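What follows is a single structure, and I will ask about it in a moment.
The values are calculated or read from the model by the stated rules, or taken from the named source; none is laboratory data. All figures in this text were calculated on a predicted structure; none of them were measured in a lab. Quick reminder, even Gly has a Cβ in these numbers, built from the backbone with ideal geometry, and neighbours come from all protein chains shown.
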């Protein structure tokens, strides 16, 4: 996963950890899901992975992942669920469920779409 353009340092790691500590659900569009799934499941077996990467890989594996896509047929990552229709209704239903925060990690086009629906807190 090439994110070399991000200046990822100890301060950003701390900030990310604080934000994600309140979340138990990640929301993604297709492209970001595929990118993340192509990278994070391999981190635990990577001997050069940092402690932060190992901790994040563990967190993301345990976290609920909701993938919104009209083109994917299935999602295979642990704790993942595919939603193909009724985006607004699904998000509104998720917001009514017990649990912690939901976060959108990446997925800029999908986030922009959700902003247009006025359903992001």
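Quick check on this structure: which one of 52, 56 is over 16 Å from the mean Cα position of the chain (by Cα), modelled with pLDDT under 95 and closer than 22 Å to residue 14 by Cα?
After ruling out the rest, the residue left standing is 52.
Still on this structure: When both residues are 6+ apart or on different chains and their Cβ atoms are under 8 Å apart, which pairs have a first residue that lies in the stretch 17-33 and is at positive phi and assigned to a helix (DSSP H, G or I), and a second that is modelled with pLDDT of 95 or more and surrounded by 15 or more Cβ atoms within 10 Å (Cβ to Cβ)?
none
Here's the yes/no breakdown for (1) assigned to a loop (DSSP other than H, G, I, E, B); (2) without any contact (Cβ under 8 Å) to a residue 12 or more places away in the chain:
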residue	(1), (2)
67	no, no
71	yes, no
77	yes, no
88	no, no
94	no, no
112	no, yes
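So which of 104, 119 is within 16 Å of residue 23 (Cβ to Cβ) and surrounded by 12 or more Cβ atoms within 10 Å (Cβ to Cβ)?
Unique residue meeting the criteria: 104.
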